[in-house]
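The structure under discussion appears below in the form of structure tokens.
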Amino acid sequence: MGESKNVLYLSYDGMTDPLGQSQVIPYLSGLSKSGFSFTILSFEKKYRYKKNGSNIKTILDAAGIYWHPLIYTKSPPVLSTLYDYLRMIRTAINLHRKLNYKLVHCRSYIPALVGMALNRKYKLPFIFDMRGFWADERVDGGLWNLNNPVFKSIYLFFKKKELVFINRSAAIVSLTEAGKKDILAWKGVKIKADKISVIPCCVDTKLFDRDKIRPDEVQRMRQMINVDPEALVIGYLGSIGTWYLLDEMLQFFSLLKRSIPATKFLMVTHDDAGYITEKARLHQVGTDDLIIISAERQEVPLMISLFSYGLFFIKSSYSKTASSPTKQGELMAMGVPAICNDGIGDSSSVVERYRSGLVVNLPNFDSCIQQLVSGIRFNEKDIRKGALDYFSLDKGVNEYREIYVRITNSFPDDIY
């Protein structure tokens, strides 16, 4: 590709966050091998940065990626985000003056504000990597109450900017086909469909590979958490957060256990075990049946290998049209069928296309439970093939590479 082209990657998520480690670093490490030189400007949670910052820096240094972390400001609401935005734009300008970037990659909406400012000031092209309908997610998730005039003003501000990002950016990345279809129907959108690339939350299929896990490791872990090899294990992976329906998942498990007594619920999460246990008690799920364990990223494939099924129910809303659950690809890469609800991005269509699990029409669990009781079977190897076809990190890196090459080749060097 010739001379290396400097790219500024802006993220309000941290590289020490699980999403940074699964959905940013692997992509950029792959793209770095194609002649692009990256600077990551990210906002790190203080406790995570203190715990894992040096490890992440080692990984990024090995990939030839320059990392400029800033500490995330948590409070007060709104003002803290404005403060971080000002820090991001000031730092981005200083970095550009030193390193002369050719492209700005903006992960979500706050970074896109900065990318647009750099575009106006320096004519730098920017990618609007949406990661979902962020402003609508804040409303649907109950974080922005539109009855509050402050939050309503912020929401309207970002919805107006959203159209500007879409029309002014050099390229757009949507996580889902459903999201792309919706965007093209919005009033005020003046772009062609080929400006939007659909790249789901991909998975490192080299890390998430059952063949790389030794049987003795699985046996040791089963013994450690006291799970019989014959047990049906319903697994949940990741944080609960705003969107995941913990009550409904516990209710589903409780009903399933009545029909299949030898069933365990294994939750792999860093969330508060006491909170989850209390919720479980309300659904008659005893501590003998619920196992809560935390795991670092490199340990997650081993934990998934214990799952008979991976379970995730997500609050259905308009904004979830554009969501791609990271855990779906990780489960499929391990050959584990998923049990999920409908109405979440492309999740249902992926399950149906690759026969990689069961879709539940909440709040009706009956059909799904009946199929599990009847002993429905799924082909582990076929599910993994589906992950390689749809969620492969290599495929995602190639699609980003095509976007980068198209943009950097279409903007002559003398505009910078």
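What follows draws every value from the coordinates through simple rules; no lab data is involved. Note that the structure is a prediction, hence the values are computed from the model and not measured. Please note: Cβ atoms are built from the backbone with ideal geometry, for glycine as well, and neighbour counts cover all protein chains shown.
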- Task: Can you tell me the 0 to 90 degree angle between the C-alpha axis of helix 149-168 and the longest principal axis of the chain, rounded to 10?
- Result: 70 degrees
- Message: Rounded to whole Å, give me the distance from the Cα center of the range 112-143 to that of the range 378-399.
- Response: 29 Å
- Item | Theoretical gain in end-to-end length, Ile59 to Leu143 [0.36 nm per residue, Cα-Cα removed] | 26.9 nm
- Task: Among DSSP beta bridges whose residues both lie in the range 210-390, state the antiparallel percentage, nearest 5.
- Result: 10 percent
- Give me the distance between the Cα centres of the range 331-377 and the range 194-226, rounded to whole Å. 18 Å
- Message: For the chain, take the longest principal axis of its alpha carbons; what is the angle in degrees between that and the long axis of helix 393-410, to the nearest 10 within 0 to 90?
- Response: 10 degrees
- Relative contact order computed over the range 151-210 (Cα-Cα under 8 Å; 6+ residues apart), in percent: 36 percent
- Using the number of other C-beta atoms within 10 angstrom as an exposure proxy, rank Ser317, Ser367, Ser174 with the fewest first. Ser367, Ser317, Ser174
- Message: Rounded to the nearest 20 debye, what is the charge dipole size of the range 210-390 about its Cα centre when +1 sits on each Lys and Arg Cβ and -1 on each Asp and Glu Cβ?
- Response: 280 debye
- Query: All other residues with a Cβ under 11 Å from the Cβ of Leu266 taken together, and with Lys, Arg as +1 and Asp, Glu as -1, what is their net charge?
  - Reply: +1
- Got a sec to turn the phi values of the range 92-98 into Karplus ³J(HN,Hα) couplings, 6.51 cos²θ - 1.76 cosθ + 1.60 with θ = phi - 60°, whole Hz, x for Gly and Pro? 4, 5, 4, 5, 5, 4, 7
- Query: Any idea what angle helix 46-62 forms with the longest principal axis of the chain, computed on alpha-carbon atoms, 0 to 90 degrees, nearest 10?
  - Reply: 70 degrees
- Pairwise label distance in nanometres, Ser374 with Asp389, each label 7 Å out on the Cα-Cβ vector: 2.4 nm
- Task: Determine which residues of the range 31-72 fall in the zone a paramagnetic label at Leu79 would reach in this model, i.e. backbone nitrogen under 18 Å from the point 7 Å along Cα→Cβ.
- Result: 72
- Expressed as a rounded percentage, what relative contact order does the range 210-390 have, with Cα pairs under 8 Å and six or more residues apart? 21 percent
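Ranked highest first by the average count of other Cβ atoms within 10 Å around their residues, in what order do 237-247, 181-191 fall? It would help to have the intermediate numbers written out before the result.
Details: 237-247: 16.5, 181-191: 12.5.
Sorting 237-247, 181-191 by mean packing, highest first, produces 237-247, 181-191.
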- Message: Can you compute the charge dipole magnitude of the range 81-180 about its Cα centre, using +1 on each Lys and Arg Cβ and -1 on each Asp and Glu Cβ, nothing else charged? Give it in debye, rounded to the nearest 20.
- Response: 640 debye
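Within the set Lys57/Lys212; Lys45/Lys121; Lys206/Lys327, which residue pairs have Cα atoms separated by over 20 Å?
Where the Cα-Cα span goes over 20 Å, the pairs concerned are Lys57/Lys212; Lys45/Lys121.
Given the rule -39500 (n - 2.57) for each run of at least 4 DSSP H residues, summed and divided by the residues of the chain, what is its mean residue ellipticity at 222 nm, to the nearest 500 deg cm²/dmol?
The helix contribution divided over the chain gives -14500 deg cm²/dmol.
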- Item | Per DSSP, loop GluC sites (Glu not before Pro) in the range 252-340 with at most 11 further Cβ within 10 Å | Glu296
- Task: Quick one: which residues, 5+ away or cross-chain, put their amide H under 5 Å from the amide H of His105? H built at 1.01 Å from N.
- Result: Leu8, Tyr9, Leu10, Ile127
- Residue among Asn119, Ala135, Pro325 farthest towards the positive dipole end of the chain, charges placed on Cβ: Asn119
- With only alpha-carbon atoms counted, please give the Rg and Dmax of the range 219-262, in Å. 12.8, 34
- Query: Toward the positive end of the charge dipole of the chain, about the Cα centre and with charges on Cβ (Lys, Arg +1; Asp, Glu -1), which of Ala295, Tyr49, Pro261 goes farthest?
  - Reply: Tyr49
- Rg over Rh, two decimals, the range 210-390 (C-alpha only, Kirkwood Rh): 0.93
- Task: Please give the net charge around Ile291, taking every other residue with its beta carbon less than 11 angstrom from that of Ile291, where Lys and Arg add +1 and Asp and Glu add -1.
- Result: 0
- Message: Given an 8 Å cut-off on Cα distances and at least 6 residues of separation, report the relative contact order of the chain as a percent.
- Response: 15 percent
- Query: With r defined as the distance between the Cβ atoms of Ile260 and Lys206 and R0 fixed at 35 Å, what FRET efficiency is calculated, to the nearest 0.05?
  - Reply: 0.55
- Mean Cβ-within-10 Å packing, highest first, puts peptides 105-118, 158-171, 73-86 in the order 105-118, 158-171, 73-86
- Using θ = phi - 60° and the Karplus form 6.51 cos²θ - 1.76 cosθ + 1.60, what ³J(HN,Hα) does each residue of the range 334-345 get, whole Hz, x for Gly and Pro? 8, x, 9, x, 9, 10, 9, 9, 7, x, 10, x
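Need one word for the range 1-159: rounded, prolate or oblate. Basis is the Cα gyration tensor (sqrt eigenvalues a ≥ b ≥ c); a/c below 1.5 gives rounded, then a/b vs b/c decides.
Prolate shape, in that a/c is at least 1.5 and a/b is the bigger ratio.
Taking R0 as 35 Å, what's the FRET efficiency between Lys159 and Ile71 from their Cβ-Cβ distance, rounded to 0.05? Let's see the in-between values first.
Numbers: r = 29 Å, r/R0 = 0.83.
The value I calculate is 0.75.
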- Query: Once you wrap a convex hull around the alpha carbon atoms of the range 298-416, what is its projected area averaged over all directions, in nm²?
  - Reply: 10.2 nm²
- Query: Taking the DSSP beta bridges in the chain as the whole, what percent of them are antiparallel, to the nearest 5?
  - Reply: 5 percent
- Message: Nothing charged except the Cβ atoms of Lys and Arg (+1) and of Asp and Glu (-1): what's the magnitude of the dipole of the chain about its Cα centre? Round to the nearest 20 debye.
- Response: 1600 debye
